[in-house]
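Heads up: the structure comes next, in structure tokens.
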Amino acid sequence: MSSSQFNNTIEQQYSNSLEIFVFSLLSTVPACLFLFINGTLMFSLRSKPVLRYTCRYILLYNLLVADTAQLVVTQVLSLLAISRVKLTYGVCGTITTIANLTSGISPLILVVMSLERYVAVCYPLRHASIITIKNTAVAIIATWTVSSLNNVTRNLFLLEFENLGSVMMKDFCSDVAWFPNSLCEYYDKVYTAFVFISAGLTVIFSYAGVVIAANSASTDKASALKARKTLLLHIIQLGLSLSYTIYYPLLIALAGSVKRVVFVWVQRVFYVFIIILPRCLTSLIYGLRDKTIRPVLLQHLCCKRKSLI
């Protein structure tokens, strides 16, 4: 190898290493920050009996678990893709199945949380008998079961492929790349549309019921107003939790129309705002808005030992 060829090789390796470092930093720093906040909020929710045994906080805790697990898995996949590490179909399928499982939990838990607020405002006298810890546990198990059945159905499309688990992938691991069957793509679109429409109608119905109840003389106006704001946040969260469905279509549309350098930068920006940010708004919304959670969360974030409640 001549001196010029050697220098070009070293320069290219340095450029690739610098690119990997920069793009890893752009996604890892916000991910770690939000993981710290999510973890602190989950610890806060388990630190006090009033938070540990209240149904809506139990639902919030499960929502945080799903969002945090989703964030960890997607960050691992992102770092593997940035580092140009290719996996076998079996390993990639396991990772993406976990990601798909946890991503399907968020909209379902938001539906349950919306119904809980609806019952609290519209049926305040029956709220304690309807929204019990036992019924909440049943609702949580049902959400995880529905999301698990969705993954089982998706994996049934792989039955026609034999010995696929040990085959090395031609592309980097992602929820789109690892499935060789195009029928799964149509199934995902139908399932996502069904969940989005069903969950959206349920949250809107709950909001409309709260608005109607707020106009009645027997309803606590302050409680109804707070519930309306909470349900509006649920609608926004629902849209954000399903925003991951537009991530890959946007990248596919941009791939053939922009240069590689621009595409990689746009991909990192989309990843932060479409994948990372929606997974973290839950902790910011509830942790700082809820008067019961906020002092406990600030206590743990600031490492204070003095009990605030």
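The values are calculated or read from the model by the stated rules, or taken from the named source; none is laboratory data. Keep in mind it's a predicted model, so treat the numbers as computed, not measured. Virtual Cβ from ideal backbone geometry, glycine too; neighbours counted across all protein chains shown. For the accessible areas, the whole protein counts, side chains as well, though only heavy atoms, and no ligand, DNA or RNA atoms are used. Shrake-Rupley method; radii C 1.70, N 1.55, O 1.52, S 1.80 Å.
Going by accessible surface with a 1.4 Å probe and the largest first, K86, K134 read K134, K86. The solvent-accessible area of L301, taken with every protein chain present and a 1.4 Å probe, is close to 60 Å². Using the Cβ-Cβ distance between A193 and V152 with R0 set to 30 Å, the FRET efficiency from 1/(1 + (r/R0)^6) comes to roughly 0.95. For L25, the solvent-accessible surface computed with a 1.4 Å probe is close to 90 Å², ligands and nucleic acids excluded.
What a 1.4 Å probe finds exposed on the range 44-100 is 67% carbon and sulfur by accessible area, rounded to a whole percent. Put a dot 7 Å past the Cα of V50, heading toward its Cβ, do the same for T145, and the two dots end up 3.4 nm apart.
Sorted largest first by accessible area at a 1.4 angstrom probe radius, with every protein chain in place, the residues Y118, Y61, Y123 fall in the order Y123, Y61, Y118.
Across L87, L288, L110, the residue with the most accessible area heads the list, and the full order at a 1.4 Å probe is L288, L87, L110. Rolling a 1.4 Å probe over the protein heavy atoms leaves C32 with an accessible area of roughly 70 Å². Heavy atoms of the protein chains alone define the surface here; on that basis the range 66-163 has 46 Å² accessible area per residue at 1.4 Å probe size.
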